[in-house]
1. Working only within the range 329-377, note down all residues that are assigned to a helix (DSSP H, G or I) and in contact with a strand residue (DSSP E or B) (Cβ under 8 Å, 6 or more places away or on another chain).
2. Looking at the range 513-525, which of its residues are without any contact (Cβ under 8 Å) to a residue 60 or more places away in the chain and surrounded by 17 or more Cβ atoms within 10 Å (Cβ to Cβ)?
3. I'd like to verify a number: residues in the range 228-247 that are within 10 Å of the ligand (Cβ to nearest atom) and assigned to a strand (DSSP E or B), how many?
4. Can you name the residue in the range 36-58 that is within 6 Å of the ligand (Cβ to nearest atom) and touching a helix residue (DSSP H, G or I) at 6+ places or on another chain (Cβ under 7 Å) and, of all such residues, is farthest from residue 407 (Cα to Cα)?
5. Which pairs have Cβ atoms under 9 Å, sit 6 or more apart or on different chains, and link a residue in the range 450-478 that is outside the structural domain of residue 490 (by TED's automatic domain parsing) to one that is part of a helix (DSSP H, G or I)?
6. Looking at (1) modelled with pLDDT under 90; (2) more than 19 Å from residue 60 (Cα to Cα), which one does residue 150 not meet, given that it meets all the others?
7. Given 347, 326, which one is more than 24 Å from residue 64 (Cα to Cα) and either crowded, with 19+ Cβ neighbours inside 10 Å or within 12 Å of the ligand (Cβ to nearest atom) (or both)?
8. Within the range 293-318, take every residue that is part of a strand (DSSP E or B) and out of contact with any strand residue (DSSP E or B) (no Cβ under 6 Å at 6 or more places or on another chain) and give me the one that is modelled with the highest pLDDT.
Ligand SMILES: Cc1cc2nc3c(=O)[nH]c(=O)nc-3n(C[C@H](O)[C@H](O)[C@H](O)COP(=O)(O)OP(=O)(O)OC[C@H]3O[C@@H](n4cnc5c(N)ncnc54)[C@H](O)[C@@H]3O)c2cc1C
């Protein structure tokens, strides 16, 4: 069913066992898992899928070595397991990532971890070589026999500077350990959603539909495209609205105080010297204020982040001038000779961690673990509401599994399948070895009479999902886009038709890397408007409005460089 048909269906048949509010990675993860169990489920997001916090992460698939210090051993163990699962289940998008910590002192920090654990240390403090070494040994032990990523290495100054010649010569050690990198975080989320719909004909996901109110046995939904409202009658509601959880409850007539979110921002810079200085490693280090920050090469650009600041309304999250000053300043601590100029910033993004309310003295001490806070049926509603508080992108599958089990329990149903080993989207049947990848590409190039170079590009972009796209592209007149020649017109048509694109930025920001890598031009916005508009039936006037809307959003919220 297409979007209109799904909405019409629920207008005629409002009964739905499970309604999920919020299409970030946690809502989408539960959606896929419930679909896999054969449950009839509807998911709505007030904006596009994966456009909230899940689009603002540092793109690390990690166990969270830092959380060992807070004594969050359960969280680290689960997240390391999930990191390994994601490397195996989404091999097209999640790759092992060498992460290097530059270390400036040897002995500091010995007492920090136990003191933090006992609640006696209330602000971040410096960590030296020995405490980092101990932490990494413990971290390696969680990876255990799975050997999905190599064990850590510790280097002295000389060897470190040979490998990273631009690094600050005052380092006493570097430590390199391995986590995962998810270059295409938004595409993973979209593919999780599409997998859910593919598995189960009774699983439907709608973007640009908001939960806007509730009655005793119903939830009101508003189609943000038309302003139309309709009601559904769920047996159980899952509030997966991330930092908006309390806002959703309020709209449904219930004042809750589950979330005490903190904002984190990043900038994306186009600086070749910095890119090369990282040698492909994420540089993960402690800034002078004790915050853990990162310099992270990704798709030819470098991401620099992040901050951790209390914020009232997630809708206000934007990267500020002060945060940019902070990023430019701390980059010099690690690479003192490299200057990042403001005009090299091609994109920025900011999001709010859906953390639990907390009275911790510093934001870094608030637990990053996840919890299902349940509002039982009672005075206000006949249905229970599960509220998905906290969590990491990395551990979305485990969190989703726990919430799905609790949901099945309430519905009186049982689990019939697991997502643990289940490939995501174009990670299915993905050839892992170089020679197998080459053979895969050559075979598809031959089958579609397309150049191996182009098929290689599609494979890099969509994994084995490239097959359907290449076949579609070969089945009609295709041409490279004038303003992004690595993409083709029929590729954009395919994505629009099959991935629920409603607006230009859905494609530029969440179904491709065109925005985050700073490849937007006015010409590209118009070209996209023409192709997408043709698919969605936009008039010329609507195309112009869509271009203006996309451009305003990219400039206001992302400082996008638009050539
Ligand atoms: C700066 C930063 C860096 C991070 N880095 C990492 C990292 O490197 N690795 C990692 O594992 N984790 C990281 N995280 C954590 C991770 O990104 C989040 O925990 C995760 O994305 C939360 O997902 P979510 O689905 O709960 O929330 P969201 O992604 O915010 O999804 C909630 C959705 O609800 C929708 N919504 C809101 N109101 C309504 C309504 N009324 N009706 C319908 N829909 C509604 C929103 O539009 C949104 O799409 C980071 C977080 C931040 C902020």
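1. First, pick out the residues of the range 329-377 that are assigned to a helix (DSSP H, G or I): 329-334, 342-344, 363-365.
Residues satisfying the conditions are 330, 331, 333, 334, 344, 363, 364.
2. Initial filter on the range 513-525 (without any contact (Cβ under 8 Å) to a residue 60 or more places away in the chain): 514, 519-525.
Within the range 513-525, 514, 519, 520, 524, 525 qualify.
3. Qualifying residue count, the range 228-247: 1.
4. At the first step, the residues of the range 36-58 found to be within 6 Å of the ligand (Cβ to nearest atom) are 44-47, 51-54, 56-58.
Add one more test, that the residue is touching a helix residue (DSSP H, G or I) at 6+ places or on another chain (Cβ under 7 Å), and what stays is 51-54, 57.
Working: 51: 25, 52: 24, 53: 24, 54: 23, 57: 27 Å.
My answer is 57.
5. none
6. Residue 150 satisfies all of (1) modelled with pLDDT under 90; (2) more than 19 Å from residue 60 (Cα to Cα) except (2).
7. Step by step, each of 347, 326 is checked, and only 347 is more than 24 Å from residue 64 (Cα to Cα) and either crowded, with 19+ Cβ neighbours inside 10 Å or within 12 Å of the ligand (Cβ to nearest atom) (or both).
8. In the first step, residues of the range 293-318 are kept if they are part of a strand (DSSP E or B); the result is 293-298, 301-305, 309-310.
Adding the requirement that they be out of contact with any strand residue (DSSP E or B) (no Cβ under 6 Å at 6 or more places or on another chain) leaves 293, 297-298.
Numbers: 293: 89, 297: 97, 298: 94.
In this case the residue turns out to be 297.
The values are calculated or read from the model by the stated rules, or taken from the named source; none is laboratory data. Note that the structure is predicted; figures quoted are calculated from it, not measured. Every residue, glycine as well, gets a Cβ built from its backbone with ideal geometry; the counts of neighbours run over all protein chains shown.
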